[in-house]
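Nothing in this text is a laboratory measurement; each read-out follows from the coordinates by a stated rule. Everything numeric in this text was worked out from a predicted model, so none of it was measured. All Cβ positions, glycine included, derive from the backbone under ideal geometry; neighbour counts span all protein chains shown.
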Amino acid sequence: MNIDAYIKMEAPNNDTHDIAYAIALKGAYVVYKDMLLTELKEWQRIARSQYNSSHNSTAECMILSVLINEKED
């Protein structure tokens, strides 16, 4: 996953919202990038069960989804 390209796609603007979302995306990526597929799926289950629509929660779910899709291909 090219996290910088993903951030440019998901949070392209320089406004407060996109800056906060970009930080959350990068933070989630750092946490999950080296995990095995089984671990990612378990964390996705947990993230979905605790989802609250915040930047961090949304970023976590999005990053997990992309990483899982990459590993399944």
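Pick the calculated Cα Rg over 2.2 N^0.38 Å for this structure from [x] 1.06; [y] 1.50; [z] 1.34? Computed from these coordinates, Cα Rg over 2.2 N^0.38 Å corresponds to label [x].
Figure legend: label point modelled 7 angstrom from the Cα of VAL31 along Cα→Cβ; residues of segment 47-73 with amide N under 17 Å from it are 47-68. Helix 16-32 axis versus longest C-alpha principal axis of the chain: approximately 20°, rounded to the nearest ten. Extending 7 Å from Cα along the Cβ direction at TYR51 and again at SER65 yields two label points whose distance is 0.7 nm. Who wins for biggest fluctuation among ALA11, ALA22, ALA59 in a Gaussian network model of the chain, springs between alpha carbons below 10 Å? So, out of ALA11, ALA22, ALA59, the one fluctuating most is ALA11.
For the chain, the longest principal axis of the C-alpha atoms and the axis of helix 37-49 are separated by about 60°.
How many lysine pairs are close in the chain, with Cα atoms under 17 Å apart and the two 8 or more places apart or on different chains?
Values: LYS8/LYS26; LYS33/LYS41; LYS33/LYS71; LYS41/LYS71.
Close lysine pairs under the 17 Å cut-off: 4.
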